[in-house]
Amino acid sequence: MFVDFFFLLKKAGIPVSPTSFLRLQKALSMGLINSLDDFYTGARAILVKSEKYFDLYDQVFAHQFKGTEFKEPEEFELSEIARALLDEWLKDPKALAEALGVDEKDLLKLSPEELLKYFMDRLKEQTEAHHGGSKWIGTGGTSPVGHSGYHPGGMRVGGVSRNKSAVKVAMERRYRDYSQEGPMTPSQLGEALKRLRNMVPFGPKDKVNIDKTIYETMRNAGEIEIIFDRSLKDRLKVILAIDNGGWSMEPYIELVQTLFNYARAQFKDLKTFYFHNTIYDYLWEDPPRRSKPFPVDELVRLDPETRFIIVGDASMAPYELMATDGSIYIGERSGKPSFERLKFIAKTFPHTVWINPKLAEEWPYTRSIHHIQEIFPMFELTLDGLEKAVTTMMRKN
Amino acid sequence: MHKENQIKGFTGASKYVLDEELARIVNISMALEMPLLLKGEPGTGKTMLAHAIAEAFGMKLIVLNVKSSMKLIDALYQYDTLTRLNDSRFGDSKRDVSNIEEYIRMGKIGQAFVSDARVVLLIDEIDKADTDFQDDMLDVLDQMEFDIIEIDKTIKAKHRPVIIITSNAKKDLSDPFLGRCNFHHIAFPEPDMMRRIVHVHFPEIDKELLDSTVKTFYRLREIRGIEKKPATRELINWIRALKADPDFRVKDLIKGEVPFLGVLFKKSPDYVVAQNAVARFRV
């Protein structure tokens with residue numbers, strides 16, 4: 001029963017397992033499910049294990065039991081992306097007019113719906129003319145925004161299902177916001193960084209060491225001798241160095257801020273430094289990079305167990321990295337290329353990672369990224385990337 | 001109340017407003033004897049649900065508050081070596097020192113297993129613990145038994161407890177874990193639902209106060225840049241504070257004044273942001 005439904009869910013990309021499907025059958029045979037409403041909630045609780053798939057489930061359900069059109073994933077994605085792009089472009093009508101090849105004045109006369117339709121038509125045309133699929137948006141270069149990380153529509157609040165049929169509820173698509181592309185929130189970052197811990201004995205001796213107690217008691221001929229130890233506390237030291245200069249980092253500021261805010265709340269021993277593009281003789285303790293320089297040579301005085309996290313897009317002109325006088329600032333002329341400086345940091349702190357807000361698929365196109373990757377392990381600033389970075393940093397040796 | 005619930009399934013409790021969707025899921029999970037995993041924003045009543053189920057069915061509630069340093073064995077049982085050592089030295093207790101079993105204390109999961117009646121086991125904030133803990137625990141809950149190594153004894157559950165697991169994190173738990181649970185995500189209640197929730201807590205509240213507080217509450221939730229949005233618990237405490245203040249008039253709220261902002265916003269940066277935003281309410 002409902003085998004089609006199961007396969008459609010699977011096809012739509014929801015990870016449904018046969019075991020859970022059998023469990024649904026069990027629920028059906030036990031007479032627990034007596035109406036379509038029951039089936040909607042029951043099947044969802046049993047089959048779908050994350051709220052980020054609720055939206056997709058709603059779409060499939062509405063399709064299967066009401067015959068609503070279920071858009072093929074590509075097309076659905078396309079329209080979502082288009083809307084995101086359009087939203088962004090509407091802030092700058094001139095760019096939009098240029099991109100669509102219409103006069104700006106004509107553009108203003110169109111209603112939003114007309115505009116979207118026109119835009120979609122154009123987009124499809126373009127898609128066909130170019131290399132097909134949604135690639136055109138991704139790599140075309142005309143788009144002012146990358147599509148990931150941005151989610152249109154904002155937060156919707158889920159409702160109560162009272163007095164509504166399941167299909168209607170499903171058609172409302174209440175769970176849209178939980179779809180995977182939602183922006184990264186502090187709590188998600190927290191999850192990813194949670195494993196970054198270094199437990200060492202610290203504080204008052206308040207924990208009984210049983211093995212030692214027994215041993216000492218025996219030595220004491222049975223006279224009880226209780227041995228206390230310090231309990232394990234997280235004493236992890238973290239240095240966060242953020243690239244906060246230049247237009248190339250501009251699009252990622254919000255993302256990096258979220259990371260920074262979380263890090264500040266989480267780590268007791270956190271130092272933050274700022275730099276522009278890459279690191280030369282100085283790091284800066286103040287965001288404008290003016291009044292509080294910190295000489296890179298001084299870093300050796302810090303604990304080498306410190307986890308050193310560099311956040312930056314690593315995109316710059318090759319000479320900035322390689323030339324002896326590469327810095328775009330006159331004051332920094334020590335004769336050491338930044339490349340050497342970075343190597344020095346990597347040597348001083350064995351647990352160093354570079355986190356790049358640019359998506360990994362864009363990396364091969366920038367040469368400086370390639371060079372920096374030779375020095376540091378580099379990860380994307382996504383949940384996935386952060387998790388990998390944390391694993392790397394927690395590795396012993 | 002208890003009898004009625006046993007026939008019709010779970011329909012809510014005296015201080016808990018239940019939406020139909022969740023009621024169905026609870027009933028299915030109980031019938032299938034599967035743990036129910038609840039996710040959602042803080043303050044959507046995940047923990048309260050377990051309390052409500054326990055109350056509605058007259059079952060005992062056992063709460064396991066998961067901590068990040070917790071090991072599975074802590075949740076199962078504890079072998080109290082120190083007391084035994086002490087007893088063996090001084091011998092002034094009634095316990096038999098050579099019988100290790102007398103020094104085994106049951107943890108929360110252990111208590112749920114040995115209980116003579118069916119209980120509700122609430123495993124709160126499972127996401128705090130690491131993945132190994134989660135998977136191992138699900139094994140135990142799946143098998144409904146565990147071994148006590150020290151005395152080589154297997155503890156089997158007398159009755160399968162009703163298991164409710166809550167998680168705050170947006171991150172997914174591991175696949176094997178999810179495979180063994182039913183899942184539900186509780187969305188933040190809509191204003192109508194919230195009115196009913198408030199009504200359950202303050203049956204005699206007058207309509208004007210109810211409407212204006214709920215309205216202000218949702219307005220405050222929409223302020224941008226707030227790290228921890230006020231949740232149901234804060235709203236209820238806030239209304240309690242307003243009712244306790246003899247100088248408070250409902251008209252103030254409509255005018256845009258928000259007294260006792262500190263009850264709603266508990267982080268000082270949030271408080272400042274909210275204060276500035278509230279100042280703009282009064283136009």
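Figures for the structure shown
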| item | result |
| --- | --- |
| Test: residue in the range A:292-315 that is of a type in the set (A, V, I, L, M, F, W, C) and free of Cβ contacts under 8 Å to residues at least 12 places away in the same chain | no |
| Subset of the range A:31-50 (residues that are more than 7 Å from chain B (Cβ to nearest Cβ) and buried (at least 19 other Cβ atoms within 10 Å of the Cβ)) | A:Ile33, A:Phe39, A:Tyr40, A:Ala43, A:Arg44, A:Leu47 |
| Filter pass, B:Pro259 being part of a loop (DSSP other than H, G, I, E, B), modelled with pLDDT of 80 or more and not β-branched (Val, Ile, Thr) | yes |
| Verdict on B:Arg195 being assigned to a helix (DSSP H, G or I), closer than 29 Å to B:Val120 by Cα and either at pLDDT 80 or above or of a type in the set (D, E, K, R) (or both) | yes |
| Selection from the range A:352-371 of residues that are within 16 Å of A:Asp384 (Cα to Cα) and of a type in the set (Gly, Ala, Ser) | A:Ala360 |
| Residues satisfying the stated conditions in the range A:203-220, i.e. within 44 Å of the chain's Cα centre (by Cα), within 12 Å of another protein chain (Cβ to nearest Cβ) and over 13 Å from B:Thr81 (Cα atoms) | A:Lys207 |
| Enumeration of residues in the range B:69-94 that are closer than 15 Å to B:Ile149 by Cα and either at the interface with another protein chain (Cβ under 10 Å from one of its Cβ atoms) or touching a Pro at 6+ places or on another chain (Cβ under 8 Å) (or both) | B:Tyr79, B:Thr81 |
| Among (1) away from chain A (no Cβ under 14 Å); (2) small (Gly, Ala, Ser); (3) farther than 18 Å from B:Lys153 by Cα - the single one B:Ala112 does not satisfy | (3) |
| Flag for B:Lys60 being surrounded by fewer than 18 Cβ atoms within 10 Å (Cβ to Cβ), at pLDDT 85 or above, more than 20 Å from B:Gln134 (Cβ to Cβ) and more than 13 Å from chain A (Cβ to nearest Cβ) | yes |
| Residue in the range B:103-117 that is in a helix (DSSP H, G or I), in the same structural domain as B:Ile148 (by TED's automatic domain parsing) and within 23 Å of A:Ile226 (Cα to Cα) present | yes |
| Single residue of the range A:14-30 satisfying the filter (of a type outside the set (Val, Ile, Thr) and at the interface with chain B (Cβ under 9 Å from one of its Cβ atoms)) that is farthest from A:Ser50 (Cα to Cα) | A:Met30 |
| Residue check, B:Val114 touching a helix residue (DSSP H, G or I) at 6+ places or on another chain (Cβ under 8 Å) and either at pLDDT 90 or above or buried (at least 16 other Cβ atoms within 10 Å of the Cβ) (or both) | no |
| Failed condition for B:Asp96, given (1) within 15 Å of the chain's Cα centre (by Cα); (2) farther than 30 Å from A:Arg23 by Cα | (1) |
| Selection within the range B:129-166 - in a helix (DSSP H, G or I), of a type in the set (Val, Ile, Thr) and over 22 Å from the mean Cα position of the chain (by Cα) | B:Ile149, B:Ile151 |
| Selection status of B:Asp211, more than 14 Å from chain A (Cβ to nearest Cβ), assigned to a helix (DSSP H, G or I) and over 21 Å from B:Ala54 (Cα atoms) | yes |
| Residue within the range B:184-203 that is of a type in the set (Phe, Trp, Tyr) and within 16 Å of B:Leu49 (Cβ to Cβ) present | yes |
| Residue, nearest to B:Lys46 (Cα to Cα), within the range B:167-192, restricted to residues that are assigned to a loop (DSSP other than H, G, I, E, B) and aliphatic (A, V, I, L, M) | B:Ala187 |
| Residue match in the range B:175-182 (condition: in contact with a Leu (Cβ under 8 Å, 6 or more places away or on another chain), within 18 Å of B:Val17 (Cβ to Cβ), within 14 Å of chain A (Cβ to nearest Cβ) and surrounded by 15 or more Cβ atoms within 10 Å (Cβ to Cβ)) | no |
| Condition check for A:Phe21: modelled with pLDDT of 85 or more, crowded, with 18+ Cβ neighbours inside 10 Å and over 24 Å from B:Asp175 (Cβ atoms) | no |
| Qualifying residue in the range B:230-240 (condition: within 14 Å of another protein chain (Cβ to nearest Cβ), within 27 Å of A:Thr258 (Cβ to Cβ) and surrounded by fewer than 14 Cβ atoms within 10 Å (Cβ to Cβ)) | no |
| Tally, over the range B:183-208, of residues that are under 19 Å from the mean Cα position of the chain (by Cα) and more than 8 Å from chain A (Cβ to nearest Cβ) | 6 |
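The values are calculated or read from the model by the stated rules, or taken from the named source; none is laboratory data. Predicted model, so just to flag it, every value in this text is computed and none were measured. Positions of Cβ are generated from backbone atoms using ideal geometry, with glycine treated the same way; all protein chains shown enter the neighbour counts.
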